[in-house]
Amino acid sequence: GQQVMQIPQYQHVQEGEDFTTYCNSSTTLSNIQWYKQRPGGHPVFLIQLVKSGEVKKQKRLTFQFGEAKKNSSLHITATQTTDVGTYFCGASGGNEKLTFGTGTRLTIIP
Amino acid sequence: DTAVSQTPKYLVTQMGNDKSIKCEQNLGHDTMYWYKQDSKKFLKIMFSYNNKELIINETVPNRFSPKSPDKAHLNLHINSLELGDSAVYFCASSPRLRGARLGGYTFGSGTRLTVV
């Protein structure tokens, strides 16, 4: 089945530093989604990427989809304490389901 | 006005018992899911329903039986609970976009199941 690897597993950054998480698939993807899960909460949809090489921004968050549609990244500029949580990518090879990455747990050192 | 609501939020039960978790969405989405999140936060799909029809069953033990009475509801019944079933169970729903592509998932707040 489809495998989705996400790195790093954990990331501790000083407040104000940048943060990036990477998602890699063994197969070409139809689309990729990103989610944020706060501690004790549930995953919340952030964005969906569909096109090869696509780049989308949401305030301090920048999402990229690789040219080969096998990888994606989420970059946060100047992290804030509200960015704490686990970030998941969800990869879809077709139309039936998302396979979630292993997640990157972000902690912020004030 | 909760979009995807799950009940109960917490469930503590003894091994061997049978329990159910209920899920309802008011978003008008066609597709609903059950995901299991273990202690390492890994999200694994269990089942997917589209318009009341089962479309994904991911090698889940047959002690787990989903039921979808209509497209707004997807319940999960678990027989003969085992210690390894302890986890957080999330219900989710998603719309179908142009070209039948899945849209973003809306998750419920989760049910934390503890089997003792």
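The values are calculated or read from the model by the stated rules, or taken from the named source; none is laboratory data. In this text the structure is predicted, and so the values were computed from the model without any measurement. Because the Cβ atoms are built from the backbone with ideal geometry, glycine has one as well, and the counts that use them run over all protein chains shown. Quick note on the areas: whole protein, heavy atoms, side chains included, nothing else; ligands and nucleic acids left out. Shrake-Rupley method; radii C 1.70, N 1.55, O 1.52, S 1.80 Å.
Here are the numbers:
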| item | result |
| --- | --- |
| Breaking point among (1) modelled with pLDDT under 95; (2) within 13 Å of chain B (Cβ to nearest Cβ), for A:Pro43 | (1) |
| Strands (runs of 3 or more DSSP E) enclosed by segment B:1-78 - at least 1 residues per element that are among the β-branched types (Val, Ile, Thr) and either open to solvent by less than 20 Å² (accessible area, probe 1.4 Å) or farther than 27 Å from A:Arg105 by Cβ (or both) | B:4-7, B:10-13, B:19-25, B:31-37, B:43-50, B:53-57, B:73-78 |
| Subset of segment A:51-110 (residues that are touching a Lys or Arg at 6+ places or on another chain (Cβ under 7 Å) and at pLDDT below 95) | A:Asn95 |
| Members of segment B:29-58 that are touching a residue at least 60 places away in the same chain (Cβ under 8 Å) and either β-branched (Val, Ile, Thr) or over 14 Å from B:Gly110 (Cβ atoms) (or both) | B:His29, B:Asp30, B:Thr31, B:Met32 |
| Sole exception among (1) open to solvent by less than 20 Å² (accessible area, probe 1.4 Å); (2) in contact with a His (Cβ under 6 Å, 6 or more places away or on another chain); (3) not hydrophobic (A, V, I, L, M, F, W, C) for A:Thr20, by number | (1) |
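Every residue, every condition in (1) within 13 Å of chain B (Cβ to nearest Cβ); (2) of a type in the set (Val, Ile, Thr); (3) open to solvent by 10 Å² or more (accessible area, probe 1.4 Å), yes or no:
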{"site": "A:Lys36", "(1), (2), (3)": "yes, no, yes"}
{"site": "A:Leu49", "(1), (2), (3)": "yes, no, no"}
{"site": "A:Lys59", "(1), (2), (3)": "no, no, yes"}
{"site": "A:Lys69", "(1), (2), (3)": "no, no, yes"}
{"site": "A:Ser72", "(1), (2), (3)": "no, no, no"}
{"site": "A:Ile76", "(1), (2), (3)": "no, yes, no"}
{"site": "A:Val84", "(1), (2), (3)": "no, yes, yes"}
